[in-house]
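Note sheet for the following structure.
Values quoted throughout were computed directly from the atomic coordinates according to the rules given, and no laboratory measurement underlies them. Quick caveat: nothing in here was measured; it's all calculated off a predicted structure. Counting neighbours? That spans all protein chains shown, and the Cβs are built from the backbone with ideal geometry, glycine included.
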Amino acid sequence: MLAETLPQAAFQPFGRVAIIGLGLMGGSIAAAIKARGLAAQVVAFDQSSVELAIGLEMGLIDVAAGSVAAAAEQADLVMMAVPVLAMEAVLVALAGSVSGDAIITDVGSVKAPLLAAARRCAPALLPRLVPGHPIAGSEQHGVKASNPALFVRHQVILTPVAETEPRVVRRLADFWQAAGADVVEMSPEHHDAVLAQTSHLPHLLAYALIDTLSMQGDSLQIFEYAAGGLRDFSRIAASDPVMWRDIYQANSGPVLAILDRYMAALQDLRGMIELGQADDLVAVFTRAKSARDHFSAVLSRRAARDTTTAATLPTAKTAPVGREELL
């Protein structure tokens, strides 16, 4: 199954949601919960006591826990919002502390390592584990960048496996839809291959381009006179380096496959430029423009659909005082 859009259903709020990792994604989930009344209580754990203190001050969380186990105690839903390679340690902690009915999910950009870790270290969690990935984010990071509307009209991909209980998938889908997201389902393998092409490769290219330009002696002048194209493309190079280090380690196979194809295409273009093959360049550019025009049409149709359905989305509650920075 490539991707299946899940229908929306009425949502019953959770009693207690535990968020492990209170950065941009974890903080935005907490903000959406508070804004839309999706849970009675939000408790969070983060290795940074500073981030937890900010989360409490902003009104995003109700309790700052001292450990993963303490956060997960009596939780109905556990959201793992930590770097991909930190998931295994979290799963180990959850295996001995989370309640028997709690749903466990994540927001990571790669699924294979999470599932491998679960089968290796916490197989008893598999029926209640639903790997997830919101296709939303920002080059900013940290809980201060939290945004309660981050997921509105963005896709959330759920990648359940054979062991996953269908009722758990349905419950989590209801949660994300109540947060304003469109939920689709696909296999973990297909997810990792798609994200390598649509997200991981562009981020890698942006990092490489900015690093290359910054190494030149006239780099300051180059950036001073850079046009909007460089600014727009390079924006994602401001993303969290540690998070992306983990992504490339965790999804190296699919990333290397598409990177090799891209490098071969660049080598072909270099040859066309060197040999003055103007017609071949036009053919490549025309083909790319046609594909980009199709992509733009898809985005336009999606925007039109979003405008039509916006009135049916749950209405956000008034944000508490001191959270203006979220908007």
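In square nanometres and to one decimal, what's the mean projected area of the convex hull around the Cα atoms of the range 25-128? Spell out each step's value before the answer.
Numbers: hull surface 24.8 nm².
Computing the convex hull of the Cα atoms and averaging its projections yields 6.2 nm².
Order of ILE157, ILE54, ILE19 from fewest to most other C-beta atoms within 10 Å? Don't skip to the answer; put the middle values down first.
Details: ILE157 23, ILE54 19, ILE19 30.
The order, fewest Cβ neighbours first, is ILE54, ILE157, ILE19.
Using a basic spin-label model with each label point 7 Å from the Cα along Cα→Cβ, how many nm lie between LEU269 and ALA208?
The two pseudo-label positions are separated by 1.1 nm.
Only helical DSSP H runs with n ≥ 4 go in: add -39500 (n - 2.57) per run for the chain, normalise by residue count and round the 222 nm mean residue ellipticity to 500 deg cm²/dmol.
On the way: 13 runs with 159 residues, N = 327.
It comes out at -15000 deg cm²/dmol, rounded to the nearest 500.
I'd like the FRET efficiency for ALA226 and VAL161, computed as 1/(1 + (r/R0)^6) with the beta carbon distance as r and R0 of 51 Å, rounded to 0.05.
Details: r = 45 Å, r/R0 = 0.88.
Approximately 0.70, to the nearest 0.05.
Within the range 168-257, report the chymotrypsin sites (Phe, Trp or Tyr not before Pro) that DSSP leaves as loop and that have at most 11 other Cβ atoms within 10 Å.
Values: sites: PHE175, TRP176, TYR207, PHE223, TYR225, PHE233, TRP244, TYR248; in loops: TYR225.
Filter output for the range 168-257: TYR225.
With a ≥ b ≥ c the root eigenvalues of the C-alpha gyration tensor of the range 4-186, is it rounded (a/c under 1.5), prolate (a/b larger than b/c) or oblate? Don't skip to the end; give the middle numbers.
Working: a/c = 1.40, a/b = 1.10, b/c = 1.27.
Rounded shape, in that the Cα axes give a/c under 1.5.
Return the tail of the calculated pair distribution for the range 191-276, meaning the percent of Cα-Cα pairs more than 19 Å apart. Can you show the working numbers first?
Values: 1834 of 3655 pairs.
Cα-Cα pairs of the range 191-276 separated by over 19 Å account for 50 percent.
What percent does the relative contact order of the chain come to when contacts are Cα pairs within less than 8 Å and at least six residues apart?
On the way: 527 pairs, mean separation 66.2, N = 327.
It comes to 20 percent, rounded to a whole number.
Taking the Cα atoms of the chain alone, what are Rg (to one decimal) and Dmax (as a whole number) in Å?
Spelled out, the Cα radius of gyration and Dmax of the chain are 21.3, 68 Å.
Pick from ARG36, ARG16, ARG120: which is most flexible by mean-square fluctuation in a GNM of the chain where alpha carbon atoms under 10 Å apart are linked?
Comparing ARG36, ARG16, ARG120 in a Gaussian network model of the chain, the most mobile one is ARG120.
Using alpha-carbon pairs under 8 Å, 6+ residues apart, how would you state the relative contact order of the range 46-103 in percent? Don't skip to the answer; put the middle values down first.
Details: 42 pairs, mean separation 20.1, N = 58.
Taking the mean separation of contacting Cα pairs over the length of the range 46-103, I get 35 percent.
Need the C-alpha centroid separation for the range 48-96 versus the range 114-167, integer Å.
Each part reduced to its Cα centre gives a spacing of 14 Å.
Could you check which residue among GLY96, GLY55, GLY142 shows the biggest mean-square fluctuation in a GNM of the chain with a 10 Å Cα cutoff?
In this elastic network of the chain, the residue with the biggest mean-square fluctuation among GLY96, GLY55, GLY142 is GLY96.
Using mean Cβ contacts within 10 Å as the protection proxy, how do 28-34, 179-185 order, highest first?
Numbers: 28-34: 27.3, 179-185: 22.0.
Peptide ranking by packing, descending: 28-34, 179-185.
In whole percent, what relative contact order does the range 4-186 give with Cα contacts below 8 Å and a gap of six or more residues? Can you show the working numbers first?
On the way: 398 pairs, mean separation 49.6, N = 183.
The normalised contact order for the range 4-186 reaches 27 percent.
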